[in-house]
1. Using 7 Å Cα-to-Cβ label points, what is the A:Leu433/B:Leu143 separation (nm, one decimal)?
2. If you add up the charges near A:Gly336, with Lys and Arg at +1 and Asp and Glu at -1, over every other residue whose beta carbon is less than 15 angstrom from its beta carbon, what do you get?
3. Classify segment A:1-81 as rounded, prolate or oblate, taking a ≥ b ≥ c as the square roots of the eigenvalues of its Cα gyration tensor: rounded when a/c is under 1.5, otherwise prolate if a/b is larger than b/c and oblate if not.
4. Can you pull out the chymotrypsin sites (Phe, Trp or Tyr not before Pro) in segment B:1-34 that DSSP calls coil and that have at most 10 other Cβ atoms within 10 Å?
5. Hey, if you put +1 on the Cβ of every Lys and Arg and -1 on every Asp and Glu Cβ in chain B, which of B:Met127, B:Leu28, B:Gln3 ends up farthest toward the positive end of that dipole?
6. Between the alpha-carbon centers of segment B:136-151 and segment A:18-89, tell me the distance in whole angstrom.
7. Using the Cβ atoms and a cut-off under 14 Å, what net charge is assigned to the surroundings of A:Ala239, where Lys and Arg are +1 and Asp and Glu are -1?
8. What average count of beta carbons from other chains do you get within 10 Å of the Cβ of residues in A:439-451?
Amino acid sequence: MNGLKPFNARRLSVAGFSFLFAYILSFQFEGQVLYSLLDLRGTDAGHYILTAIIAHFVGLFTCGLFVKSQAAAKSMMLGGMGLCLAATVPFFFPLPALWMGGLIVSGYFSGCAVAAWGFFLRAYTPKNERIKSCADVLIYSNLLMIAVNVVAMNRSTFFGLGLSVLCLVIGMVFIWMLPLEKENEQNKSIKNKTHGGIKNQLILLCLFVFIITINSGLMYQVINPAFEHLTGLVSWYWAAPYIVALAIMRNLPMKAKRSRILYMGMAMIMGAFISFMLLGRNTSDYLIVDTLMLGACGIFDLFWWSILGEMLDYSDNPAHTFGMGLSANVFGVLCGGVLGMAVTSMGLPGAEVAVIALTVVCVTLVMLPPLNHQLVLLLKSHAYLAAYDNMSQSQQTDIVRQVKTLEPLTVREQEVLQLILSGKSNREIAGALFISENTVKTHARSIFSKYDVSSRAELISTLLKNQTVG
Amino acid sequence: MMQMKLIRKRHNEYVLLFTASICLAVWLGATFMLEAVFAFGAISLISLVLLVRQSRLLNDATLIWDNRILAVPSALISIPDRQMKKDTEETVVSTFGVLIGSRIYRWGLDGVHGVRLSAVQIDKERMYLTFGDKDQTMRVELLHGMLHKQTVVESAQKLWHETGVQAEISDW
């Protein structure tokens, strides 16, 4: 089994996780199947949903405490999925007393299984390609979820539940087939070059994920109930814009300026709430609102998933890092949901609810650009700068000389570049060279242009990619 | 310094115009005078466009002023194949361009594909700066007013340090 090529292992890993995630999306984590079942039994859905989300959050958060190797990750995934399977069986029967326990167990262990997959994402997807693997798992799992939803909402809820369980079983088979590999030597060398851990970067990323995900929870509570009557359409169209956005983002060239697309995503979220406020509740209105909202969710989700994926290289325990990032996401959904419930429970008219929702969205979105900027700088510069810092002056000069520029750097630009590479901020560079911060930025832009890169992080990456020293 | 003051003053005027027109438009909107709202709305829009342009100009001018290499009292501008034009306003030569009165000729601000300084020649009286992109080249002729060769060499050295262009010194 260890003879499988990495490419196949990557496929297996993506397939296994996609099926697991499809089960979670369609059933355990606010899935349509779960909603339909609870509705069918006339039980209060709120408590069950909340319990499942909290259990899932705890699972994601704590998995890293006891899963510390790839073998343990595989065992956790298989064992966790098995327990999810057992905990889902009572839902085929009218046993509401067991349902709550089933949701706690499946919520917790599905969270652990998801976090444990971090080991396989790191091992089988090469660096800088994790955006593709992340996009693939999100696309495939959402396609599967749509299929399950269509069946559950248009045919039979129990048939939908059966499909959901089948996803889990297929996922287990793929995970069982996954080979185990020794720790990647490249990962080790990268980690050795970094100073300390990635605690600060991870906290920043979690904060980012938490803020952006509040919108999703809010949307669930504010927008979804308004279009409940369009059952047939909602069952298949709900995640379609999300999938399309993921596919577009996945296939964009690496050089594409994704930060601009993030701004577009922000505009789309605002547009969704404004449309929700101004439009009616018929089919075309739903198409507009859902397309804007879910399209934006796709853009943002892939953004932070891929950053989280790349961060795994600098982590001692991928399950811990991956679990932390995703738990921030679940916590955001939880807070957004509670916020949405609070807003709607006040019994305000639709327009006013939308205005409040829009205000919250605006406040959170205003916080995002600087946060995002800092995150990218910190994440990208951390390992590279640490590596650069360990080199002698001559080694640093060699690296700079090895990379050809479109036009030679001026002496002033060389001075600025040297300081950029030693990790100085624009303000510090300005102070060191007795020039204004604006001048430093202009020199930096000129340097980027000469190296044909678009950011500081890309510049450092380009220079160090060509290193032959150390 | 006068040039910077002029540019900043114009910028502040646009800020005032924009603020006043916006306030008036909002106030008139509250009193339901729709025609006046449209008129002041249009003025706000125009003043916003002007303000954005002036802000860019101010930004570039500040950049040029902060990184000045040489300030001279007069300049001549020439574009190959066109008639020469004389300009007697104060001129500032800097790392990122030349500021003549309230006009700016930029270089080195838009990367390697933008306008670049390509050659500098200095003789006893004048300094010739050639700059442009692949489509157009311009030449600025300055009366530099430097009396000692050491001063000229120092300016050339500073130009090379900042722009990477080696000045050609002749007739000294």
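1. If labels sit at A:Leu433 and B:Leu143, their model points lie 3.5 nm apart.
2. On the way: positive: none; negative: A:Glu30, A:Asp301.
For residues surrounding A:Gly336, the net value is -2.
3. Values: a/c = 3.95, a/b = 1.88, b/c = 2.10.
Oblate, because a/c is 1.5 or more while a/b does not exceed b/c.
4. Numbers: sites: B:Tyr14, B:Phe18, B:Trp27, B:Phe32; in loops: B:Phe32.
In loop regions of segment B:1-34 (DSSP not H, G, I, E or B), the sparsely surrounded chymotrypsin sites (Phe, Trp or Tyr not before Pro) are B:Phe32.
5. B:Leu28
6. Cα centres, segment B:136-151 to segment A:18-89: 75 Å.
7. -3
8. Taking all residues of A:439-451 together, the mean is 4.
The values are calculated or read from the model by the stated rules, or taken from the named source; none is laboratory data. Just so we're clear, the structure is a prediction, and the values are computed from it rather than from any experiment. Note that each Cβ is placed from the backbone with ideal geometry, even for glycine, and that neighbours are counted across all protein chains shown. Areas reflect the complete protein model, heavy atoms only, side chains present, ligands, DNA and RNA absent. Shrake-Rupley method; radii C 1.70, N 1.55, O 1.52, S 1.80 Å.
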